[in-house]
């Protein structure tokens, strides 16, 4: 059994007697993973769990330790990092991962990684060149 599954079981025993609630939150997380690039909001996500948005936020945070919005942003930034290693420009990456504002994307990317998208790309390209030389 993985660490993830162990933690889910502990939470299930401590907080919920109803397995369906945990399953609904997990289903909503999968919805985020599958649709992060789309224009989704809390209402869309909570609807996939068949919960009110306030109950969903509480349940998601208990289960994963962060809010659904924080998780969505983390997923988008994770995918942006991968796309920055391709030939796409920053605006294309921004749009491809679901952000509407390049300025917001750059600011959030820097906040979460410590680097702007351009610096992140350059740093990764330099480390690739160092690996090739070795």
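I need the full set of residues from the range 68-87 which are over 30 Å from residue 24 (Cα atoms) and either surrounded by fewer than 15 Cβ atoms within 10 Å (Cβ to Cβ) or in the same structural domain as residue 27 (by TED's automatic domain parsing) (or both), in order please.
85, 86, 87
Can you name the residue in the range 25-44 that is without any contact (Cβ under 8 Å) to a residue 24 or more places away in the chain, in contact with a helix residue (DSSP H, G or I) (Cβ under 7 Å, 6 or more places away or on another chain) and surrounded by 12 or more Cβ atoms within 10 Å (Cβ to Cβ) and is also farthest from residue 83 (Cα to Cα) among such residues?
By that ranking, first place goes to 27.
Looking only at the range 97-109, which residues are outside any loop (DSSP other than H, G, I, E, B) and in contact with a helix residue (DSSP H, G or I) (Cβ under 8 Å, 6 or more places away or on another chain)? Full working, then the answer.
Here is the first cut: in the range 97-109, the ones outside any loop (DSSP other than H, G, I, E, B) are 102-109.
Once the filter is applied, which keeps residues that are outside any loop (DSSP other than H, G, I, E, B) and in contact with a helix residue (DSSP H, G or I) (Cβ under 8 Å, 6 or more places away or on another chain), the range 97-109 yields 102, 105, 106, 108, 109.
Test each condition in (1) closer than 25 Å to residue 3 by Cβ; (2) free of Cβ contacts under 8 Å to residues at least 24 places away in the same chain; (3) in contact with a helix residue (DSSP H, G or I) (Cβ under 6 Å, 6 or more places away or on another chain) for residue 58 and report the one that comes out false.
Against the list (1) closer than 25 Å to residue 3 by Cβ; (2) free of Cβ contacts under 8 Å to residues at least 24 places away in the same chain; (3) in contact with a helix residue (DSSP H, G or I) (Cβ under 6 Å, 6 or more places away or on another chain), residue 58 comes up short only on (3).
The values are calculated or read from the model by the stated rules, or taken from the named source; none is laboratory data. Quantities reported herein were computed from a predicted structural model and do not represent experimental measurements. Note: ideal-geometry Cβ built from the backbone for every residue, glycine included; neighbour counts use all protein chains shown.
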